[in-house]
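Down below is the structure, laid out as structure tokens.
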Amino acid sequence: ARTTVGIVGAGPAGLLLARLLHASGIDCVVLESRDRGYVEQRQRAGILEQGTVDVLRESGAAERLDREGLPHDGIELRFDGRAHRIDFPALTGGRRVWVYAQTEVVKDLVALQLADGAPLLFEAQVTAVEGAESAQPVLRYTHQGVERRLECDYVVGCDGFHGVVREAIPAGARQTFERSYPYSWLGILADVAPSSDELVYAHSPRGFALLSMRSPTVSRLYLQVPNGTDPADWSDERIWDELDARFALAAGDWKLARGPITAKSVLPMRSSVTEPMRHGRLFLAGDAAHIVPPTGAKGLNLAAADVTVLARAFTGLHRTGSTELLNSYSATCLNRVWRAEHFSYFMTSTLHTAPEQSPFDTRLQLSQLDRIAASPHAAAELAANYAGLPLV
Ligand code: FAD
Ligand code: DHB
């Protein structure tokens, strides 16, 4: 079999790219190693930037998002016994974000793809990328127990952090920049209305906590925990008590509404960027090329931005025969990626308490948070990054 664009991975990056190529009349095939149910249920991100919502709308994938998504015009920062609201539209000239879970974005994109799109194969694991430097790379994959091959004009690795396409780029032709963090998140989903209308990011002497949500009836909450934490060590009651203590502005003044906890997991944190995001006819997009620690909710949004830039480049090639935009893809994306890497690092390191953190470092964090609360310029910088910078 052969196709124009072979897409590896049906996460948000691969699925959105397939939609955008479909709109431009470019043919592609999406190969996904997991089954449909797994891909649609995997709990991950929850916040969509303005630009991500714009591209989902343009690609006709926002019908349910526009009905069920929750527009958010701000977040609250809590630190040093104070609460400060960041007003996104006022500080960014009208930009905002939406609460709409990654699981729902994926479900919507999968349904559209299966209804009228190019082939999307589940349980199709890519095992090798051959001819990475040739004019016709080949994807080898296993589907329904049979080994198959797909000849492609271009291959796009949307296969996440543990994908195979990045590894197919010769080691001498790529470079990875990484950072790890000395803490993780314990994340829960609970069947209870969120205790705040807006997200709350809390810096506290006991560590970071975040109140988020998935819908008007489902809360999503996170607690900073030590690396290597076993979720089994955290009973439901211990989790709620600790959240209450970290969100409190004064001891005992805050009680979250509690409800049944339906999911509990520990997420490690890491920053990583692989450069360049292209080698010959292989391209990397989304987590396959870069990951961020979750504070600030950039991961899914960066993936959407990458494939938007890439789809424009393939469309340019298709319409005019020019490879100009394909040639600038990596540099265009990396510019934005490094900005988001810095923002995610900044949010993470400003709001968490590292093990053995010195009182000096805590004073620096509080001074930075105080600056954001006191200065519209400092707040505007946070708001612009959070609501999402323009694509190019
Ligand atoms: P993915 O969603 O990882 O999709 C990659 C796809 O490729 C997967 O479906 C995988 O099965 C498939 N694949 C891999 N290898 C192969 C192969 N060999 N052959 C075929 N298919 C393959 N971001 C936030 O903003 N907020 C959060 O709270 C948040 N929580 C997260 C929690 C976890 C546990 C993780 C891992 C990430 C989280 N993120 C979060 C980040 C965000 O979910 C990702 O940035 C986003 O999923 C990136 O989309 P993607 O399509 O690039 O990659
Ligand atoms: C969520 C995750 C984040 O990392 C964040 O900064 C905000 C919200 C969430 O999963 O809802």
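Quick note: the coordinates plus some simple rules give every number you see, no bench work behind them. All of these numbers come straight from a predicted model, not from anything done at the bench. Cβ sites come from the backbone with ideal geometry, for glycine too, and all protein chains shown count toward neighbours.
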Practice task
Can you tell me the dipole magnitude for the range 240-392 around its Cα centre, using point charges on the Cβ only (Lys, Arg +1; Asp, Glu -1), in Debye to the nearest 20?
Solution key: 500
Exercise for the section: Just need the relative contact order of the range 151-299 here, percent rounded to a whole number, with Cα pairs under 8 Å and 6+ apart. Expected result: 36
Exercise for the section: Of the DSSP beta bridges with both residues in the chain, give the percent that are antiparallel, rounding to the nearest 5. Expected result: 75
Fill in the blank from the handout: Listed residues Ala45, Ala202, Ala251; largest mean-square fluctuation, Gaussian network over the chain with Cα springs below 10 Å, found at Ala251
Fill in the blank from the handout: Listed residues Met347, Met277, Met213; largest mean-square fluctuation, Gaussian network over the chain with Cα springs below 10 Å, found at Met347
Handout entry: Cα gyration tensor shape of the range 339-392, rounded if a/c is under 1.5, else prolate or oblate by comparing a/b with b/c
Key = oblate
Practice task
Write out the GluC sites (Glu not before Pro) in the range 93-194 meeting two conditions: DSSP loop, and at most 14 other Cβ atoms within 10 Å of their Cβ.
Solution key: Glu133
Fill in the blank from the handout: For the chain, the longest principal axis of the Cα atoms and the Cα long axis of helix 102-116 enclose an angle in degrees, to the nearest 10, of 20
Exercise for the section: Please determine, in degrees from 0 to 90 and to the nearest 10, the orientation of helix 236-247 with respect to the longest principal axis defined by the Cα atoms of the chain, where the helix direction is its Cα long axis. Expected result: 70
Practice task
Run the numbers on the chain and let me know its relative contact order in percent, using alpha-carbon pairs under 8 Å that are six or more apart.
Solution key: 21
Fill in the blank from the handout: With +1 on the Cβ of every Lys and Arg and -1 on the Cβ of every Asp and Glu, the dipole magnitude of the range 105-174 about its Cα centre, in debye rounded to the nearest 20, is 140
Problem - Label-point separation in nm, Glu58 to Tyr38, each point 7 Å along Cα→Cβ - result: 3.3
Practice task
Report the relative contact order of the range 278-388, percent, no decimals, based on alpha-carbon pairs under 8 angstrom and at least 6 residues apart.
Solution key: 26
Problem - Net charge dipole size for the range 135-207 [Lys, Arg +1 and Asp, Glu -1 on Cβ; Debye, nearest 20] - result: 340
Problem - Distance between modelled label sites at Arg149 and Asp80, nm, 7 Å Cα→Cβ extension - result: 6.5
Exercise for the section: Please report how far the C-alpha centroid of the range 34-86 lies from that of the range 118-190, rounded to the nearest whole angstrom. Expected result: 25
Exercise for the section: Could you tell me the distance between the Cα centroids of the range 248-304 and the range 198-218, to the nearest Å? Expected result: 14
Practice task
Rank Leu31, Leu317, Leu16 by mean-square fluctuation in a GNM of the chain with C-alpha springs under 10 angstrom and give only the top-ranked residue.
Solution key: Leu317
Practice task
Extending each Cα 7 Å along its Cβ direction at Gln175 and Leu364, get the distance between those two points in nm, one decimal.
Solution key: 2.5
Fill in the blank from the handout: With a ≥ b ≥ c from the Cα gyration tensor eigenvalues, square-rooted, and the rule rounded for a/c under 1.5, otherwise prolate when a/b > b/c and oblate otherwise, the range 24-89 is prolate
Problem - Estimated [θ] at 222 nm from DSSP helical runs (n ≥ 4, -39500 (n - 2.57)) normalised by residues in the chain, nearest 500 - result: -11500 deg cm²/dmol
Fill in the blank from the handout: Measuring from the longest principal axis of the C-alpha atoms of the chain, the long axis of helix 299-320 (C-alpha) lies at a number of degrees, nearest 10, equal to 30
